[in-house]
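Read-outs: derived from the displayed coordinates by stated rules, not from any lab. This structure is a prediction, so every number in the text was calculated from the model and none was measured. Cβ atoms come from the backbone with ideal geometry, glycine included; neighbour counts cover every protein chain shown.
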Amino acid sequence: MASPTAIEVKALVPNAAAQKKILEFSQRILTEHQKFSSYHSKMEVIDEAYYRYQANMDATTGMVTGQGIDAATTPVGVVDMPSTTPPVVVSQVDSMVAYLAEVFLSGYPMFPVVSSPANKVFAEQLETLLDDHANIGGYARQLLLFFRDGVKYNLSAIETPWDSIEQYSMMDDLAAVDKRKVSKDRKSYTKVKRLDPYNTIWDSNVPPGDVSAEGDYAGYIEILSRIKAKRKLQRLADDGEAFNIREALTSVSAGLAGSASYYRIHPQVSNYISARKPISGLNWYTYLTGKEDSSNIGTDNLEFFTFYARILPSEFSLNSPSPNTVQIWKFTVVNSSVVVQAKRIISAYDYLPILFGQPLEDGLGYQTQSVAEGNIPFQQAASTLFNISFNSARRAVSDRAIYDSDLIKSSDINAPVPAPKIPVKTNSLMNGKSIKDAYYQIPFDARGTEGALQSGMQIVSFGKELSGLNSPMQGQFQKGNKSVQEWNDTMGGADSRLRLPALTLEFQVFQPLKNILKLNIFQYGEDVELVSQKTGESIKVDIAALRSKVLEFRIADGYTPKSKLAGTESITVAMQMIATSPILQQSFGTMLPGMFSHLLQLMGVRGMEEYVPSPEQQQAFQQQQNAMEVEKERAMTEAQQPQQPQQGV
């Protein structure tokens, strides 16, 4: 395929010595990654707070054991309720995610293209192609997960490889009349894949936002069944990038080999579903025949480690042009023992094709707290105060008491009914004791707990002030009388604070992402005919023509829309000034239709060419205008002539 550079990028099959060095290099990366386990522990704490998970809760009764009064109280009736955790973390996280989604993902198309009026046809082609890739790859879903990771952990990653999918279509069978046959071809696009933070590998010596630009390596681990692995390797083989396929499929996974697997299981955050590692696949031979499979293959999962690294090919015995120059290479290792892919990568601005985002960046690197982490203390404090209030009510409803077990059964005392009838055993040996002596209620003093619930609500409001997501920003009603302008000014001030993480992500992730999307099309793309999802028209994309205009296109997004890049507001003001100024009309009046058409194109309107009048229509319109001018001048002349006085008879 054509490439905009003089470097021809091809996958190669490394020799045995090179594969050994690649395996050693991958092991060093994984070993170094395991030393940075403190960040994963931090993510586990955040997830437990986000899902309000309590590890010592009984899923059947809902009671938490070992929590102060909960451990010493016997549940009775209305008192049988679990401890309450207010949703402080989840509300702040989801509100921030919703704001970022509104900024970056609500526009259509997701990545508009801006160019000069002379190149608007090519800009429409590139925009349609990007929109087609976004629909195929599900960019919105992947970026939404990316935003949630960033808000929760202050670290998120997406991979942007050039990938392909199999596409089936119907075509006429020339050998038979009125028959159709199915044809299969491959459709390539830039894939945007959100990476699981628990199993993402990166160079922790640089800040998260600089990993793509400055880091030495970045990658991820995934567990695939044999069928999924076969499918993945087959796709690589179709592109001429895979080798050692049989060795990989028959290799033993790290867990079965006795060594520790590098895959990290997600934390337990549900009382009903257990977190687990992906289970092995089904052995179809045993299932269909009922016999033991002597080959003992086909049931084990495979651990894939895919990573990008900056290396010197000469140090890895790789046969590559400019072997003593630092280059970006992509490697895939299966079960820490078999190399199945080695390919040089040409990336926009020499970025690693895994982009990392850190929404809250203050120069302290991995110590910077995320939105979720910052709200954990407020959630814990509010939870404590809420449960103090609930436990106080619990004591008031079913207070502690001392009773004689010889006279009253414990089951009768703790009967879960509103009005129990308690039998008392009496006999002649009570030594003068009365029924009153069989039960004594310990006095309950609720002083110091009356304002616990109100204090908890105040703590929750502190969390909102911390992240800048107050009640109106979450769509909740706010008391107070304000005019529309005062309300807009207030919400504008609140919105300006939330735009800080959006601005950070714009330059950490979205600017490189847009350049990668554009370069991948120019580097790997082929001529194609697409149907615009916006207009429904068929558009033929000429990659060679687009490549010749590579510097003429600017890709917009939600944070930097077309209106900012192209200055649509300024164009609108200029058109109004031209329309009201006779002097400007003499110079620019004939350009107003073109400016109007260009403005609508920048605003996303397509098909304006259909409304351009034909030369005959323009001539007829001009004649009509001239006739109206002549009639207007004649009327003005008659109005200026003095009327003759009428002569009397």
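Could you tally the net charge around GLU361, taking each other residue with its Cβ under 13 Å from the Cβ of GLU361, Lys/Arg +1 and Asp/Glu -1? Neighbourhood net charge equals -3. Ranked for footprinting exposure by Cβ neighbours inside 10 Å, fewest first, ARG226, ARG554 give ARG554, ARG226.
This ranking places MET636, MET43, MET591 by how few other beta-carbon atoms lie within 10 Å of each, fewest first, which gives MET636, MET591, MET43.
Each of MET96, MET577 was scored by other Cβ atoms within 10 Å of its Cβ. Arranged with the fewest first, they read MET577, MET96. Here the Karplus curve 6.51 cos²θ - 1.76 cosθ + 1.60, taken at θ = phi - 60°, turns the phi angles of segment 268-274 into couplings of 7, 10, 10, 7, 10, 10, 8 Hz, with x standing for Gly and Pro. Using every pair of separate Cα atoms, the Kirkwood estimate puts the hydrodynamic radius of segment 303-427 at 22.6 angstrom. Sorting 265-271, 461-467 by average packing, meaning the other beta carbons within 10 Å per residue, from highest down gives 461-467, 265-271.
In this structure the amide hydrogen of ILE539, modeled in the peptide plane, comes within under 5 Å of the amide hydrogens of LEU530, VAL531, SER532, none closer than 5 places in sequence on its chain. Using the Karplus relation 6.51 cos²θ - 1.76 cosθ + 1.60 with θ = phi - 60°, the per-residue 3J(HN,Hα) values for segment 155-167 come to 7, 8, 8, 9, 9, 10, x, 7, 10, 8, 10, 7, 10 Hz, with x marking Gly and Pro.
Each part reduced to its alpha carbon centroid, segment 96-149 and segment 197-258 end up 28 Å apart. What net charge is computed for the residues neighbouring ALA101, neighbours being all others with C-beta under 15 Å from the C-beta of ALA101, Lys and Arg scored +1, Asp and Glu -1? So the surrounding residues net to -1.
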